[in-house]
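Peer 1: Can you keep this structure in mind? I'll have questions shortly.
The values are calculated or read from the model by the stated rules, or taken from the named source; none is laboratory data. For clarity, every value in this text was computed on a predicted model and none was experimentally measured. Virtual Cβ from ideal backbone geometry, glycine too; neighbours counted across all protein chains shown. To get the accessible areas, we keep the full protein, side chains included, count just its heavy atoms, and leave off ligands, DNA and RNA. Shrake-Rupley method; radii C 1.70, N 1.55, O 1.52, S 1.80 Å.
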Amino acid sequence: MRTARVITTAPGTRAEAFGPVEWGLLASIGLMWGSSFVFIAEGLEAFEPGLVAFLRIALGTATVALARRARRPVAREDWGRIAVLGLVWMAAPLLLFPIAQQWIDSSLAGMLNGAMPLFAALTAAFLLRRAPRAVQIVGLVLGFTGVAAIVSPAVRGASVTALGAALVILATVLYGMAANMAVPLQQRYGAIPVVLRAQIVALLAVLPFAIAAIPGSTFKWSSALAMVPLGAGGTGLAFLAMATLVGRAGATRGAVAIYFIPVVATILGVVLRNESVELLQLGGLALVLLSAWLTSRRDR
């Protein structure tokens, strides 16, 4: 019974089709989280995974704390929910991904992460006791298919172990659960107070891993500077945008923003690293865009 009280969700406050605000939030989330992989890779050049996770959460927390509404009070009855949110949305996944990538390639990890909207929809269906609309189900499936097509060139020949894949899938399941938990909390208090308190919990949770990572880490200015956009943007502003989006649109429709992460990563690879794009990837991009349009339609 305790789990049922802590893990809750709610429909979005806006059942209409996505408007400029929702599309703007979706685009900003895709841009910030899609570019995060570049900064993570740079950070890992000098810092161990536990230290990267701690630094990005610390900078994200500092960024959110600057907001005027950060100190808005939260009812005692929701402290436990926010603490769990900090663990399942931030602390655990931000540690699981770099650990898993010791055994599987980042491209495969990115594709598995694309299943997050599917897990978010399953969790919402269980908690709300209702299935998504048929058009939303089609959109979610098409979106994951598009993600698989976009990252498929990098996945070919990728190394994989059962443990690495299992850790990424676990992180993805936690993301889907967290997207649902964030909905009623954001609707009650706004994104800023909820995200700030969740990040403080996550910061304390990963602190032991950061301390253990110090002996194996070195210092490089490029790695240190990469933590600034990764923390302020990818861990501060991006979580605020995601919490706001799922609060307005609900977890099932809001989670479609995750499909745009590999889209942004692919575009950055072309622009910054002169990588080529295959026809299959262009087809995947079209599927992701179609998925977003279908999923964003008016909810019942």
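Peer 1: Among PRO193, PRO11, PRO20, whose mean-square fluctuation peaks in a Gaussian network model of the chain (Cα, cutoff 10 Å)?
Peer 2: It is PRO20.
Peer 1: DSSP H helices in the chain with Cα extent of 30 Å or more along the helix axis and mean Kyte-Doolittle hydropathy at least 1.0?
Peer 2: Sorted by number, the helices that extend far enough and score high enough are 20-43, 134-155, 162-189, 191-213.
Peer 1: Using the Kirkwood radius over Cα pairs, work out the Stokes-Einstein diffusion coefficient for region 122-262 at 37 °C and 0.692 mPa s, in µm²/s as a whole number.
Peer 2: 186
Peer 1: What does the extension gain come out to for LEU268 and TRP23, with contour length at 0.36 nm per residue minus their alpha carbon separation?
Peer 2: 86.2 nm
Peer 1: Only Lys, Arg, Asp and Glu count, each charged at its Cβ (+1, +1, -1, -1), so figure out the dipole size of the chain about its Cα centre, rounded to 20 debye.
Peer 2: Its charge dipole is roughly 1280 debye.
Peer 1: Continuing with this model, one more query. If contacts are Cα pairs under 8 angstrom and at least 6 residues apart, what is the relative contact order of region 87-233 in percent?
Peer 2: Once divided by the residue count of region 87-233, the mean separation gives 41 percent.
Peer 1: Same structure, new question: For a Förster distance of 41 Å, can you work out the FRET efficiency between the beta-carbons of VAL277 and ARG129, rounded to the nearest 0.05?
Peer 2: 0.45
Peer 1: So between VAL138 and GLU16, what do we pick up on full extension, going 0.36 nm a residue minus the alpha carbon distance?
Peer 2: Numbers: separation 122, 0.36 × 122 = 43.92 nm, distance 1.84 nm.
The VAL138-GLU16 span can extend by a further 42.1 nm.
Peer 1: Also: Measuring with a 1.4 Å probe in the full set of protein chains, what accessible area per residue, in whole Å², belongs to the chain?
Peer 2: Roughly 45 Å² per residue, with all protein chains present.
Peer 1: Of the listed values [x] 1.14; [y] 1.05; [z] 0.95, identify the label whose number matches Cα Rg over 2.2 N^0.38 Å calculated from this model.
Peer 2: Matching the structure shown: [z].
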